[in-house]
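Here the structure is laid out as structure tokens; the discussion comes afterwards.
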Amino acid sequence: MIAKLPKSDIQANCLIAGKWVRGEESLTPIHSPYNNQKIGEATEPSRAQIEAALQAASAAQKEWAKLPIKERSKILFQFRNILIRDLDEISHLKASESGKTFEEGKAGLLKGIEVLEFALSIQNLDINGKLEVSRGVTCEYRREPLGVVLNVTPFNFPAMVPMWTIPIAIALGNSYVWKPSEKTPLTSSRIASALMEAGLPAGILTVLPGGSKTVEHLIDHPIIQAIGFVGSTKVARIVYERGTKLGKRVLALGGAKNHIILLPDANPELSGIGISDSFTGCAGQRCMAASVLLAVGNVDVHIEKIIARASSLTLGDDMGAIISKAQVEFLKSSIDQAEKDGAKVILDGRKTAPPAGMSAGNWIGPTILDHVKPGSNAHTTELFGPVLSIIRVKDLSEAIAIQSTSAYGNACSVFTSSGAMADRVTREARAGMVGVNVGVPVPREPFSFGGVRASKFGHGDITGMHSLDFWSDVKKITTKWEMQTDSNWMS
């Protein structure tokens with residue numbers, strides 16, 4: 001279902017020291033991908049405003065860190081209640097500016113709330129540790145916040161990706177600076193308002209819309225201690241290199257070219273739905289979307305199921321819009337190039353009609369390319385749209401060999417009825433997240449999200465238990481109060 005567009009324009013301003021202020025640098029209009037209608041505008045902060053924001057965030061963090069985690073969690077619990085109360089409203093807004101269907105917008109926000117619920121459990125899961133390591137000597141560890149941290153988030157999940165990090169970083173005692181995508185800044189204002197309503201102290205959350213100039217200034221600023229990023233591999237590499245050269249902690253998630261291995265013994269219904277929904281969900285604009293289908297042997301029956309499922313989708317009702325006209329043209333030219341490279345278009349989304357009354361929007365239907373050649377553009381380039389490339393292979397060994405050559409390593413899935421074949425893929429696939437009969441193998445909390453190779457720069461993961469060590473430091477304390485009569489080298 002197409003989301004309800006805002007009744008009037010929304011302005012995404014800067015949240016600085018707990019107050020919404022108009023950015024002094026520039027003004028950017030925001031258009032809905034549905035019909036390119038203007039639904040709001042974003043203001044970008046000046047250098048002076050960024051400086052004021054970071055100074056306020058640093059001062060507030062010192063007091064925030066003094067609170068026990070249970071007190072910080074109470075505010076986050078109220079934040080959760082507000083998000084649930086306003087779930088539909090926020091979902092309509094985020095879908096309007098990102099082009100998702102309303103249902104996809106809602107699902108993304110619910111996934112974000114799941115991470116929030118994990119953050120609420122940190123007070124019980126991560127209770128430090130203390131042990132008498134020798135007679136009269138104890139060792140313990142305490143988790144401490146880093147200070148002021150930065151997260152730069154993408155257009156495709158304007159609520160879910162920020163919600164991967166906001167609750168965890170704040171629960172651990174940090175101040176959080178959020179630079180949302182310049183394409184989808186309206187959702188950030190709504191989520192930040194919910195956090196302020198929940199009672200978050202001024203300065204603990206800062207929102208600074210803007211473009212590359214704002215990002216560069218924030219990365220370079222000495223107050224920023226850690227940087228999280230989700231976006232393209234090209235920019236992720238730049239962010240990682242820029243931040244680490246300054247000695248900062250950086251975790252930058254990049255792009256993907258996810259492979260699904262389809263074996264002849266797979267359940268045709270399960271694979272047809274799972275693979276189709278993987279490459280068409282969110283109009284293919286997600287780093288976990290299926291991009292390449294490695295078809296092992298004779299799986300034509302399964303491919304017919306995939307085509308039937310994808311063909312049944314209606315633009316607007318079942319699948320959303322593409323973020324921009326430029327991206328639509330890129331997708332169309334990539335399909336054209338695939339044909340020139342010898343691929344056969346067996347489902348052509350270039351001919352799919354847009355929803356009624358929305359011809360001015362950014363639309364393209366599900367597209368399936370068969371007999372794609374390994375190493376061709378359709379195989380190696382992240383297209384970021386509802387395009388599935390099928391490569392025919394003779395056996396599982398060939399499929400794994402092709403998957404292993406990918407520059408990316410976000411996800412890989414296998415569809416099969418064989419436990420042995422599934423186990424082999426989970427062992428040999430070069431990916432950070434692997435699925436068995438699951439088209440989008442996103443782990444659920446407390447299991448963490450993160451890829452390998454060119455899909456991630458930095459160590460650790462951005463969510464789950466592994467994220468705690470990114471957003472905090474662990475202090476180790478050794479204590480002795482008196483000499484022991486039978487002391488040894490450890491005492």
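The values are calculated or read from the model by the stated rules, or taken from the named source; none is laboratory data. Note that this is a predicted model, so its numbers are computed, not measured. Glycine gets a Cβ as well: all are built from the backbone with ideal geometry, and neighbour counts include every protein chain shown.
Annotations for the structure displayed:
- Any hit, the range 151-165, residues being without any contact (Cβ under 8 Å) to a residue 60 or more places away in the chain, over 9 Å from the mean Cα position of the chain (by Cα) and closer than 21 Å to Ala17 by Cβ: no
- Positions within the range 365-385 being without any contact (Cβ under 8 Å) to a residue 60 or more places away in the chain and either outside the structural domain of Phe279 (by TED's automatic domain parsing) or within 19 Å of Asp318 (Cα to Cα) (or both), in sequence order: Gly365, Thr367
- Among the candidates Gly243, Gly210, Gly254, the residue that is crowded, with 19+ Cβ neighbours inside 10 Å, modelled with pLDDT under 95 and either in the same structural domain as Ala192 (by TED's automatic domain parsing) or more than 27 Å from Asp317 (Cβ to Cβ) (or both) is uniquely Gly210.
- Every listed requirement among (1) of a type in the set (A, V, I, L, M); (2) in contact with a strand residue (DSSP E or B) (Cβ under 8 Å, 6 or more places away or on another chain); (3) in the same structural domain as Leu246 (by TED's automatic domain parsing) is met by Val137 save one, (3).
- Residues of the range 165-176 that turn out to be of a type outside the set (Val, Ile, Thr) and either touching a Gly at 6+ places or on another chain (Cβ under 7 Å) or surrounded by fewer than 24 Cβ atoms within 10 Å (Cβ to Cβ) (or both), as a count: 3
- Of all residues in the range 35-63 being surrounded by 20 or more Cβ atoms within 10 Å (Cβ to Cβ) and of a type in the set (A, V, I, L, M, F, W, C), the one that is nearest to Ser189 (Cα to Cα): Ala42
- In the range 36-69, the residues that are of a type outside the set (A, V, I, L, M) and in a helix (DSSP H, G or I): Arg47, Gln49, Glu51, Gln55, Ser58, Gln61, Lys62, Glu63, Trp64
- Being of a type in the set (S, T, N, Q), farther than 14 Å from His259 by Cα and in a loop (DSSP other than H, G, I, E, B) is a condition met by no residue of the range 381-389.
Rundown of residues vs (1) surrounded by 14 or more Cβ atoms within 10 Å (Cβ to Cβ); (2) closer than 23 Å to Gly365 by Cα, yes/no style:
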position	(1), (2)
Ser96	yes, yes
Lys111	yes, no
Leu116	yes, no
Arg142	no, no
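- Taking every residue in the range 105-124 that is of a type in the set (D, E, K, R) and pairing it with any residue that is not in a helix (DSSP H, G or I), at least 6 positions away or on another chain, the pairs with Cβ-Cβ distances below 6 Å are Glu114/Glu445.
- Scanning the range 425-473 for residues that are small (Gly, Ala, Ser) and either surrounded by fewer than 16 Cβ atoms within 10 Å (Cβ to Cβ) or farther than 12 Å from Trp164 by Cα (or both) turns up Ala429, Ala431, Gly432, Gly435, Gly439, Gly451, Ala454, Ser455, Gly458, Gly460, Ser472.
- The residues of the range 208-233 that are part of a helix (DSSP H, G or I) and in contact (Cβ under 8 Å) with a residue 12 or more places away in the chain, listed by number, are Lys213, Thr214, Val215, Glu216, His217, Leu218, Ile219, Asp220, Thr233.
- Out of Thr485, Thr416, Thr479, sole residue that is hydroxyl-bearing (Ser, Thr, Tyr) and surrounded by 15 or more Cβ atoms within 10 Å (Cβ to Cβ): Thr416
- Filter result for Ile307 (surrounded by fewer than 23 Cβ atoms within 10 Å (Cβ to Cβ), closer than 30 Å to Thr184 by Cβ, touching a residue at least 12 places away in the same chain (Cβ under 8 Å) and β-branched (Val, Ile, Thr)): no
- Pair list, Cβ < 9 Å and 6+ apart or interchain, from the range 419-437 residues that are farther than 16 Å from Ile275 by Cβ to residues that are acidic (Asp, Glu) and surrounded by fewer than 20 Cβ atoms within 10 Å (Cβ to Cβ): Met421/Asp265
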